[in-house]
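What follows draws every value from the coordinates through simple rules; no lab data is involved. Please read these numbers as outputs of a predicted model, since none were measured by experiment. For neighbour counting, all protein chains shown are included, and Cβ atoms are generated from backbone atoms with ideal geometry for every residue, glycine included.
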Amino acid sequence: MNTERIETLRREWLEEESIAHIKGWDFSHIDDRYKEEDDLPWEYEDVINKYRNGDMKLLDFDTGGGEFLLSLGHPYKNTAATEGYPPNVELCKERLLPLGIDFKACDDASNIPFADNSFDIYINRHGDFDPKEAHRVLKPGGVFVTQQVGSKNDRDLVQMVLPDSEEPFPDNCLEIRRKQFEEAGFEILEADEVFRPISFYDVGAFVWFARIIEWEFPDFSVDKCFDELLKMQEEIDRNGKVTGTIHRFLLVARKK
């Protein structure tokens, strides 16, 4: 790879690094430049809808910007949500409160600001959770539905650029979480766990992604990882993409 191309790539990657900010959970900036989560054996929304009806009181914990919650079309008067990331908290205040959704700022899954036995269904997509607290806020017979990013998520990609990084959430796997819910007083209704590919078609998209997912790629930067990014570029030049592995699991549990 000649010096001129290397410097062009450096400038492009530094630009991606500088604009790596999102509101809500919007990855549209790299929509056509990477691919993941298009072949899971379940559809999260369909799973929720198996257990949901409009009369139920619903909580969406760690709602992001509320995008997915609003897509469900659940009656606003029966809908509550929390979010802890400050920019998203402000976005939810602007977006959800005027609709009549009971939104509260919360960054602690073990201290949810709602009363005991408040909800019929508690949904959580890629957010934090505490089985005991979920049991507290759900009504008897209430259902908890989560799709989670597992502990092994993107580890091969992380190792490509930050080989000494440790797993950020080593206990977040189906076996451990299932046991925790059973011990907290839940009956498991559904459980599944998969590993699937994630592909990037240009290194700039990966740079943007790694900066956004900072808990998986701690201390990542273009300057620190430049030699590793060049190796990634060489793989894309050869194969048209660089591929890693995502880790997802689904858990549906009913309060006894």
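Below is a table of values for the structure above.
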item	result
Cα-based Rg and Dmax for the range 140-204, where Dmax is the largest Cα-Cα distance (Å)	15.7, 49
Antiparallel DSSP beta bridges within the chain, as percent of all bridges there, nearest 5	60
Dipole-positive endmost among 143, 3, 42 within the chain (Cβ charges, Cα centre)	143
0 to 90° range, to nearest 10: angle between helix 174-183 axis and the chain longest Cα axis	20
Nearest-ten-degree value, helix 3-18 long axis tilted from longest Cα axis of the chain	20
Residue-wise HN-Hα coupling along the range 160-172, computed from phi with Karplus coefficients 6.51, -1.76, 1.60 (Hz; x: Gly, Pro)	5, 10, 9, x, 9, 6, 8, 5, x, 9, x, 8, 8
Between 0 and 90°, nearest 10: helix 86-95 axis offset from the chain longest Cα axis	60
Two-decimal Rg to Rh for the range 115-173 - Kirkwood Rh, Cα set	1.18
Shape metrics for the chain, restricted to C-alpha atoms - Rg then Dmax, Å	19.9, 66
All Cα pairs of the range 11-107, percent lying beyond 17 Å	60
Spherically averaged projected area of the range 92-233 from its Cα convex hull (nm²)	10.9
Amide H contacts under 5 Å for residue 142, placed H, 5+ residues apart	255
